[in-house]
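Data block below; observations after.
Please treat every number below as a calculation from the coordinates, not as lab data. Everything numeric here is computed off the predicted structure, so don't read it as measured data.
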Amino acid sequence: MDEEVRKELEALKGMVLAWKESYRQAASPGGQDEHLADDFWEEVQTHTFPYTRRLFECQYLSESELQGFVEFCCVQVEELRQSLRIVKA
C-alpha cells in the first residue's frame, strides 16, 4: 500500500475512533442506548465505506486491505455495543 493511502486509512480510523468515543459519551447512565451503536454503524457506513470502496476500485487498496478496514470498523461498533451494555447494567 502506498504511504499516502496508508495515511488516509489511519486518518479514517482516527475519525471512526473519535465517533465511537462521542457515541459512548452520549450514553445515558440509565441505559436504553442500544440505538447508539446502530447509529454509529450507519455513520461509519455512510461516511467511510464509499471512500474506501473507491480506493479499492481504483486499486489503491487490495481486497484484504479493504476487508481489514471493514473489520476494524466492525470491531469498533461491537466494542461500543458492549460498553453500552455495561453502562446499562
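Just to confirm the number: angle between the C-alpha axis of helix 34-47 and the first principal axis of the chain, 0 to 90 degrees, nearest 10?
Around 20 degrees separate the two axes.
Return the whole-Å distance between the Cα centroid of region 42-89 and the Cα centroid of region 1-25.
10 Å
Return one number: the angle in degrees, 0 to 90 and rounded to the nearest 10, between the long axis of the Cα atoms of helix 3-26 and the longest principal axis of the Cα atoms of the chain.
For 3-26 against the chain, the angle is about 10 degrees.
Normalised by the number of residues in the chain, what is the relative contact order in percent for Cα pairs under 8 Å and 6+ residues apart?
Details: 60 pairs, mean separation 42.4, N = 89.
Over the chain, the number comes to 48 percent.
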